[in-house]
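Structure in structure tokens, see below.
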Amino acid sequence: MIAHSVSKRSAKAAPQVESTVSLSITAKLMKFTARQDFVVGNCHIKAGETCFAVRSERREGRYYIVHYNNIQNAYQCSCGANMCEHEHLKCVRDHVMTKVVVPAKSSEVPAMTVPATVAEVKAARKAKVEQEQFDGSRKLTAEEWKAIQKADRKRQQAWQDEYRQKAEALRAMEVAG
């Protein structure tokens, strides 16, 4: 077991990773393209990659780096929040959706809006499923009835198969025991 003072001492000795960069600009947000590979906090930026510098509210002249991580399909911030929804990511998304993404010109296709948070996406999916379910407000068509009956038969068959497997396993245990 490590004593408290030892762990505290070793924690102090561990090098701290800087999550911000010092820039001599005053804008809240600045878009740039990396000239060379670099690492800031937990972000690994490649040369030629487009990134955003977001001003730190607490540290004067310091900026967090936000870039789009193609592997995880999400924006990643150099601060400790990483890919969790927070103010730096929201600032970049607002900028991208208002300045970069061209709104739809056709009336058939809705204009893009600011991407939702994970919680909003889950709520929208749940609402869509609930909306698709039959709520008794209208009569079902023959095709809908057939689809419901087919899904019910599949459910019953799966339950019967599971029941048979469990019964056979119990019989095998009784014979063996």
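Could you order Thr26, Thr98 so the one with the most accessible surface comes first? Probe is 1.4 Å.
Working: Thr26 120, Thr98 100 Å².
Heavy-atom accessible area, descending, gives Thr26, Thr98.
If you don't mind, there's one more thing I want to ask. Under a Cβ-Cβ cut-off of 11 Å, what is the net charge of the residues other than Ala53 that fall near it, where Lys and Arg count +1 and Asp and Glu count -1?
Working: positive: Lys28, Lys31, Arg55, Arg62; negative: none.
For residues surrounding Ala53, the net value is +4.
What accessible area, in Å² to the nearest ten, does a 1.4 Å probe give for Tyr68?
90 Å²
At 0.36 nm per residue, minus the direct Cα-Cα distance, what do Leu140 and Glu57 gain on full extension? Give it in nm, one decimal, please. Walk me through the numbers before you get to the answer.
On the way: separation 83, 0.36 × 83 = 29.88 nm, distance 5.62 nm.
Taking Leu140 through Glu57 to full extension adds about 24.3 nm, to one decimal.
Report the extension gain between Lys154 and Lys126 in nm, rounded to one decimal, defined as 0.36 nm multiplied by the number of residues separating them, less their alpha carbon distance.
Here the answer is 7.8 nm.
Considering the Cα trace of region 137-177, what is its radius of gyration and what is Dmax, both in angstroms?
17.7, 56
The values are calculated or read from the model by the stated rules, or taken from the named source; none is laboratory data. Note that the structure is predicted; figures quoted are calculated from it, not measured. Here Cβ is always computed from backbone atoms with ideal geometry, including for glycine, and neighbour counts include all displayed protein chains. When the accessible area is computed, the model is the full protein with side chains, heavy atoms only, and any ligands, DNA or RNA have been set aside. Shrake-Rupley method; radii C 1.70, N 1.55, O 1.52, S 1.80 Å.
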